[in-house]
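Data first, discussion second: the structure below is written as structure tokens.
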Amino acid sequence: MRKSLISQSKHDRLMKHFIAGTTARTAANLAGVHRNSAAFYLHRLREVIAHELEAKGEVIFGGEIEVNESYFGDHQKSKHGRGAAGKIPASGLL
């Protein structure tokens, strides 16, 4: 984000709204920038975060990861999967 025409104070405001989870359009209105600029800024933030996490993830895990989920409980007629009441979700990581 080094070569940007957005001022540092607007960067800071957009960053605060990113952390708060506000939408790009709302963040643009509150920070005083165009909605496309805010959307692009927030998209670039997500790309930078993903890149950093990917780099750190290779160091931590260093191989293949398998994640699985399942639901356990009594069989109920016409009740399957996530919508079934009384079933307990379980997940595993290998």
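The values are calculated or read from the model by the stated rules, or taken from the named source; none is laboratory data. All figures in this text were calculated on a predicted structure; none of them were measured in a lab. Because the Cβ atoms are built from the backbone with ideal geometry, glycine has one as well, and the counts that use them run over all protein chains shown. Surface areas here come from the heavy atoms of the whole protein model, side chains and all, with no ligands, DNA or RNA. Shrake-Rupley method; radii C 1.70, N 1.55, O 1.52, S 1.80 Å.
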Task: J(HN,Hα) series, the stretch 12-19, from Karplus relation 6.51 cos²θ - 1.76 cosθ + 1.60, nearest Hz, glycine and proline x - done: 4, 5, 5, 5, 4, 5, 5, 5
Task: Charge context of HIS43, other residues only, Cβ under 14 angstrom, K/R +1, D/E -1 - done: +3
TODO: At 1.4 Å probe size, with no ligands or nucleic acids counted, give the accessible surface of PHE72 in Å², nearest ten.
DONE: 120
Task: Set of aspartates and glutamates with alpha-carbon distance to LYS56 below 20 Å, sequence-local pairs under 8 removed - done: GLU47, GLU64, GLU66
Task: Local electrostatic count, ALA28, Cβ distance below 12 Å [Lys/Arg +1, Asp/Glu -1] - done: +4
- [ ] Mind putting together the pair-distance distribution for the stretch 1-41? All Cα pairs, 5 Å bins, whole percent per bin, short to long.
- [x] 5, 29, 42, 20, 4
Task: Efficiency of FRET between LEU93 and HIS51 - r from beta-carbon atoms, R0 25 angstrom, step 0.05 - done: 0.65
